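Nothing in this text is a laboratory measurement; each read-out follows from the coordinates by a stated rule. No experiment lies behind these values; they were computed from the predicted model shown. Virtual Cβ from ideal backbone geometry, glycine too; neighbours counted across all protein chains shown.
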Amino acid sequence: MPLAPGLAIRKSPINGKGCFATRPFPKGRKIAEYAGERITTREAERRARDRRVLRICAVDSRWSLDGARGGNGTHYINHSCAPNTYMKITRGHILFMALRDIRPGEEITLDYETTLHPDTKKCRCKSPACRGTINDPRKS
């Protein structure tokens, strides 16, 4: 699948590769839709056991999308405790929306809050607001 419009993938100061804006995204506007193979929650949990890097995003309690298969670059959106993006799930679609104005060249980040990662997985966002882990213990 081609890269989502307005996005570029390159080395990230947070972790590995990241997703970067190539054009402005005004606050409240859609950045992109998460793309990937549609799998059951059970399959998502199975795949999470076998992978160190997860590109799986839950749609609801029954379904997830695996961005490592058929993704559009949005699977490179890194976690940050001070994100510039939030996730909106509507009618089975996962949308990334701008929390504030995003300038070209900025890394797109999201607070993952709850993931299939262990609760001890360290955060590398370097934000002054960093809680130290990717999963938010208040959301578990």
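What the table below lists for this structure:
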{"item": "Total formal charge among the other residues, if their Cβ is under 11 angstrom from that of residue 10, Lys/Arg +1 and Asp/Glu -1", "result": "+1"}
{"item": "Difference of contour (0.36 nm per residue) and Cα-Cα distance, residue 37 to residue 3", "result": "10.7 nm"}
{"item": "Local electrostatic count at residue 75 - Lys and Arg +1, Asp and Glu -1, tallied over other residues with Cβ under 9 Å", "result": "0"}
{"item": "Simple Cβ-charge dipole of the range 7-110, Lys/Arg +1 and Asp/Glu -1, about Cα centre, in debye nearest 20", "result": "60 debye"}
{"item": "Two-site FRET efficiency, residue 23 against residue 86, from Cβ-Cβ distance with R₀ of 22 Å, rounded to 0.05", "result": "0.70"}
{"item": "Cβ-derived FRET efficiency at R0 25 Å, residue 138 paired with residue 60, nearest 0.05", "result": "0.70"}
{"item": "Simple spin-label estimate for residue 120 and residue 30 in nanometres, 7 Å along Cα-Cβ", "result": "4.1 nm"}
{"item": "The range 76-140: chymotrypsin sites (Phe, Trp or Tyr not before Pro) in DSSP loop, at most 14 other beta carbons within 10 Å", "result": "none"}
{"item": "Farthest positive-ward along the chain dipole, Cα basis, beta-carbon charges - from 16, 67, 108", "result": "16"}
{"item": "Summed residue charge, Cβ within 10 Å of residue 101's Cβ, Lys/Arg positive, Asp/Glu negative", "result": "+3"}
{"item": "Once exposed loop trypsin sites (Lys or Arg not before Pro) are cut out (DSSP; at most 10 other Cβ, 10 Å), longest piece of the chain", "result": "1-51"}
{"item": "Relative contact order for the range 7-110, counting Cα pairs under 8 Å that sit 6 or more residues apart, in percent", "result": "37 percent"}
{"item": "Set of aspartates and glutamates near residue 121 by C-alpha distance (under 19 Å), chain-local residues within fewer than 8 positions excluded", "result": "45, 50, 111, 113, 136"}
